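S.K.: This is the structure I want to talk about, given as C-alpha cells.
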Amino acid sequence: MILAAVLGLLALAPSPAEAPPSYSGRESRLRVALPRLDEQVTVDGVLDEPAWERAARLIGFSEYAPVDGRPADEETEVLVWYSPSAIHFGVRARASPGTVRASLANRDRLEAEDQVQIFLDTFHDARQALMFAVNPLGVQADGALIEGTRTQGGSFAGLASGREEPDLSPDFVFDSKGRLTPDGFEVEVRIPFKSLRYPSAARQDWGLSVIRRVQSSGHDDSWTPARREGTSFLAQAGTLDGLSDLRPGLILDLNPVVTAKADGAPAAGGWGYDSGAPEVGGNVRWGVTSNLTLNGTVNPDFSQVEADASQFTFDPRSALFFPEKRPFFLEGIEQFATPNNLIYTRRVVAPLGAARLTGKAAGTRVAALVAVDGEEASASGRDHPLFGIVRLQRDVFGHSRLGLVYTDRTEAGASNRVAAVDAHLAFASLYTLDLQGGLSRTHREDVRTAPLWYAVLARNGHRLGFRYALTGLHPDFRAESGFISRGAIAHANLDHRVTFIGADRGWWESLSSDVVFDGVWRYHDFARGPALERKLHFNNNVTFRGGWKAGASVLVEDFAYDAELYADYALARRTGASVEILPFTGTPHLHNLDYVLTGSTPDFSKFSGTLEYIWGRDENFFEWSAADITYLTLTADWRPTDQVRVSAQYQLQGFDRRSDGSTVGLRRIPRLKVEYQLTRSIFFRVVGEYDASRRDALRDDSRTELPIVIRDPAGVYQPALREEANHLRVDWLFSYQPRPGTVVFAGYGTMLTEPEGLRFRELRRASDGFFLKVSYLFRM
C-alpha cells in the first residue's frame, strides 16, 4: 500500500522542465522554432526569469572577420523568445578575465567596445535588416543595413570582402541592460514591435544574424557560419520560424520640441545678442500599417548638436560631402539611398514643414518625402522652395532589385527635376552588377535636359576580387535635391584585388594587394579625347594578429592642365607705369609620384589610434605647378576611465614649390573632443577645433614667374596676394537623452580668430551663441 501511494504521488508530480532547444550555427541548425510566451520580464541584465529557461538557444559561433570559417575562440550563447508585444534576446558571452572592453559610451559610439550586433530581417528578403547593438553594459547602437547601396573598400584601403557596415543614422526605441560577470558578460535586450516594420501576415518568418565583436582579439564571431565571399551577408542569415499573433498596439509617437537660441556678434558699443522668442515645433510618427510608416513635422528643430568637422579639399573641382545629422531626416534615411547620391536631404536647408512615408508593400520598398523650405534657401530670399522626392525599390529574382528615383525642386517658376532607374543584380554567387541611367531637366532662363549613366561590375571572392566602375555626368546634368561631387566628367575606375590568408594562429591574418587604374575625362572627350587624369595606384594592406593594421601605397599619376578650372586666372606684367594682362596657360602635364603609409592600432582598453601619411610630388592647384606635398592625419582615442573619452585628431596639408622650396599653401587642423558620460543618459562634451590656413602670394611658378591675378565677379582682375585665416571653434554641450526623441540639449559655441596661426596670444571673439532644445517622446 505504501509503495502504491509513493508511485501515485510521483505520477502526480510535475515533470521536469524540458531543456530549451539548441541551434548550433556550426552544425547549420539555422531554422529556429521561436517560443511565443505570454510573459513580461524586467530588462535588468540578469537572465533569471522562467521565460529564459524556455527560450531558444543559439550556440556554435564561428569566426567571421578577419578570417571566416574557424571556430570562435570564445563561447557565446544567445537566448531568444517573443511575447505578443516584443522580441527578447539574452546573451551570455564568455571571455578571459580582464579582456572585456566596456564603458559608458555614448549612443552609436561602440567602435572601441565589445559588442553584440543583432540583425533582424523582418521582411525575410535577404536585402535589408535593422541592426541593434549593445555593449556589455547595455549601451546601445542601432542602424540599418540595405545591401548593395554602398561601395566596399576604396581609397588606399583597397577593396574589402565581407559584409557592408550598417548605417548608424536611424535611432530606434528599445530596452537593454548588461553586466560584467566573472567569466564574461550578460546582456538583455527587448525590442518592441512598435519600433519595427514587418509584414502584416498572420504567420511570418524573419531573418536573423548575430555578430559578436571581441575587441581584445579584433575578431568578429557569427552565429551563422557566414562566409566573407559572395554577394550577400544577409542571404546567409538564419530564420526565426513562424512568428504569429504579433500585437504592437497603436503605433503613434508624438514628439513636441521647444528650442531657443541667442546668437552673439560685435555691435556698436560692445557685444550684442540676437535672441527671439522660443520656437515650438513637433514631429509625429504613425504606423499606417505594420509595414508602412508616415512621419510629419511642423516647424522642426534642425539645429546641429555638433558642428561638422573640417575637411581638406584635395581637388578644388570636387565638393565636400557632409553627412546628414538632423533628427527628422535620419529616421528611414537608408530607404532613400541611391547610386550617385541623387537624394541628399541636406539640400533642404531650413524647412517650415515636411512629411515622409517609408516602408515596404508587395515586395516594393517605398520612400517619399515632401518639404517646404524656408526663404533663406531661395535664390531671391523671398520664395519657398518646394521639394518632392520618391524612391522605389522592387525585389526581383535571387537577391537582386530594381529601383526608381524621382526628385523635384521648384522655386518661383524655376525647377530642377531628376528621374533615374537603377538595378542591383547579383548572380553566380560572387558577382554583382549595378546600373543606373537618368535624366535631369533644369528650367531657369532656358530648359536643359541632360543624362547621367553609371555601371559597376564587381566580384567579391576570398582570394580574387575586382570592381570595374564607369560613370558619366553630362555638363548640363543637375541634381539640386542630390549631391554631385564633380560634374561634367566621365570617370573610369578598375580595381583588382588579391588576398592571402595567414596560417591559423600565425602572426599575420590577411594580406591584400590592389592594383587600381583610374581615368577622368571631360564628358564630351570620353573615348575620343585625351584624359584629364590618369592614375595607377598600388595598394597593400595587412592585418596582424591582435587587430594591428598597416598599409603602404605607391601612386603614379598624370594630370593634364584643366583650362576651365583656371578660366579666371591671368598674369600681370608691369611695363613702365602700365600693367599688361597676359593669358595663364599652365603646364600641359603634371607627373606625380606619391607614397602612402597607413596604420591603426587595436582598440586597446585605454587607447586606440590611426595614421595616414602621404608625401611625394603632386599638383599644386594654387598655381598649377609641381609641388612637394605632405598630407598627415593622426587620430587618437584615450579612455582613462569607463566614463571619460578623449578624442584627438590632427590634420596637416602642405604644399612646397619644387622650384625653390618655398611654401605656397599650408593648412593645419587640430581637433580635441572630451566627453564625460555621467550616466547612460547624461553626458557633458567640449569640442575644440582650430583651423589655421595660409596661402602665399601666387605666381606663375616654374614658367614665367609673373604674379597671378584672378578675375572677380565684377570682371576686374585682382592680385592674388598672400592670405591667412585662423579660426578657433569651441563648443560645449550638456545632453540628457534617456531614449531617442526624449532629449534636453543645452550648449554654447564660440568662434575666435587671431592674426598668426596656433599662437593663442591674440585671440579675439568673432561670434558666439547659446542654444537649448527640449523634446519628449510620447508613445501612444
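The values are calculated or read from the model by the stated rules, or taken from the named source; none is laboratory data. If you're wondering where the values come from, they're calculated on a predicted model, not measured in any experiment. Note that each Cβ is placed from the backbone with ideal geometry, even for glycine, and that neighbours are counted across all protein chains shown. Just the protein is used for accessible areas: all its heavy atoms, side chains included, with ligands, DNA and RNA removed. Shrake-Rupley method; radii C 1.70, N 1.55, O 1.52, S 1.80 Å.
S.K.: When every alpha-carbon pair in the range 616-769 is counted, what percent end up more than 22 Å apart?
M.R.: Considering the range 616-769, 59 percent of its Cα-Cα pairs are separated by more than 22 Å.
S.K.: Per residue, what volume in Å³ does the convex hull of the Cα atoms of the range 336-403 enclose?
M.R.: With only Cα atoms used, the range 336-403 gives 79 Å³ per residue.
S.K.: I would also like to ask the following. Please list, short to long, the whole-number percent of alpha-carbon pairs of the range 90-169 in consecutive 5 angstrom bins beginning at zero.
M.R.: P(r) over the range 90-169, rounded to whole percents: 3, 13, 20, 19, 19, 15, 9, 2, 0.
S.K.: Using a 1.4 angstrom probe on the protein heavy atoms only, line up Y523, Y64 by accessible area, largest first.
M.R.: Y523, Y64
S.K.: Which order do L58, L250 take when ranked by solvent-accessible area (1.4 Å probe, heavy atoms of all protein chains), largest first?
M.R.: L250, L58
S.K.: Something else: Order 662-669, 705-712 from most to least packed using the mean count of other Cβ atoms within 10 Å.
M.R.: Ranking, from highest mean packing down: 662-669, 705-712.
S.K.: What lysines sit close enough to K360 to cross-link, taking a C-alpha to C-alpha distance under 27 Å and skipping anything fewer than 8 places away on the same chain?
M.R.: K194, K325
S.K.: Give the residue from H524, S512, H496 lying farthest towards the positive end of the charge dipole for the range 493-536; charges sit on Cβ (+1 for Lys and Arg, -1 for Asp and Glu) and the dipole is referred to the Cα centre.
M.R.: Of the listed residues, the answer is H524.
S.K.: Name the shape class, rounded, prolate or oblate, that the alpha-carbon gyration tensor gives for the range 536-672, where a ≥ b ≥ c are the square roots of its eigenvalues, rounded holds for a/c under 1.5, and otherwise prolate holds if a/b is larger than b/c and oblate otherwise.
M.R.: Prolate, since a/c reaches 1.5 and a/b exceeds b/c.
S.K.: Next question, about the same structure. For the range 702-780, calculate the relative contact order in percent as a whole number, restricting contacts to Cα pairs under 8 Å that are 6 or more residues apart.
M.R.: 24
S.K.: Let me ask you something else. Going by amide H atoms built from the backbone, whose H comes under 5 Å of the H on G242, apart from near neighbours?
M.R.: Placed amide hydrogens put Q204, D205, W206 under 5 Å from G242.
S.K.: If packing is taken as the average count of other Cβ atoms within 10 Å, what order do 753-766, 727-740 fall into, highest mean first?
M.R.: Top of the packing list down: 727-740, 753-766.
S.K.: Which order do peptides 364-377, 211-224 fall in by mean Cβ count within 10 Å, highest first?
M.R.: Result, highest mean Cβ count within 10 Å first: 211-224, 364-377.
S.K.: Same structure, new question: In whole percent, how big is the carbon plus sulfur part of the accessible area of the chain, probe 1.4 Å, protein atoms only?
M.R.: Carbon and sulfur: 59 percent of the exposed surface of the chain.
S.K.: Something else about it: If DNA, RNA and ligands are ignored and the probe is 1.4 Å, what is the ranking of F477, F156 by accessible area, most exposed first?
M.R.: F156, F477
S.K.: If each DSSP helix of 4+ residues adds -39,500 (n - 2.57) and the sum is divided by the residues in the chain, what number results at 222 nm, nearest 500 deg cm²/dmol?
M.R.: Computed ellipticity for the chain at 222 nm equals -500 deg cm²/dmol.
S.K.: For helix 2-12, what angle does its Cα long axis make with the longest principal axis of the chain, in degrees from 0 to 90 and rounded to 10?
M.R.: 30
S.K.: Mind listing the phi-derived Karplus ³J(HN,Hα) values for the range 481-490, rounded to whole Hz, using 6.51, -1.76 and 1.60 with θ = phi - 60°, and x for any glycine or proline?
M.R.: The phi angles translate into 9, x, 10, 10, 5, 8, x, 6, 9, 10 Hz.
S.K.: Between the range 127-189 and the range 522-578, what's the alpha-carbon centroid distance in Å?
M.R.: 36
S.K.: Sticking with this one: Averaged per residue, what accessible area in Å² does the range 388-505 show with a 1.4 Å probe, protein chains only?
M.R.: Here the per-residue accessible area is 44 Å².
S.K.: To the nearest Å, what is the center-to-center distance of the range 733-780 and the range 56-85, using C-alpha atoms only?
M.R.: Result: 41 Å between the Cα centres.
S.K.: Quick query: amide H of D44 versus all other amide H atoms, modeled in the peptide plane; which residues come in under 5 Å with a sequence gap of 5 or more or a different chain?
M.R.: Close amide H contacts, sequence-distant or interchain: none at all.
S.K.: Each residue of the range 384-394 in turn: what ³J(HN,Hα) in whole Hz from Karplus with 6.51, -1.76, 1.60 and θ = phi - 60°, glycine and Pro shown as x?
M.R.: 10, x, 10, 10, x, 9, 9, 10, 10, 9, 10
S.K.: Quick one: 3J(HN,Hα) in Hz for the range 621-634, Karplus 6.51/-1.76/1.60 with θ = phi - 60°, rounded, Gly and Pro as x.
M.R.: 5, 4, 10, 6, 8, 6, 9, 8, 10, 9, 10, 9, 10, 10
S.K.: Then there's this: May I ask for the distance between the Cα centers of the range 331-372 and the range 637-677, given as a whole number of Å?
M.R.: Here the two parts' Cα centres lie 35 Å apart.
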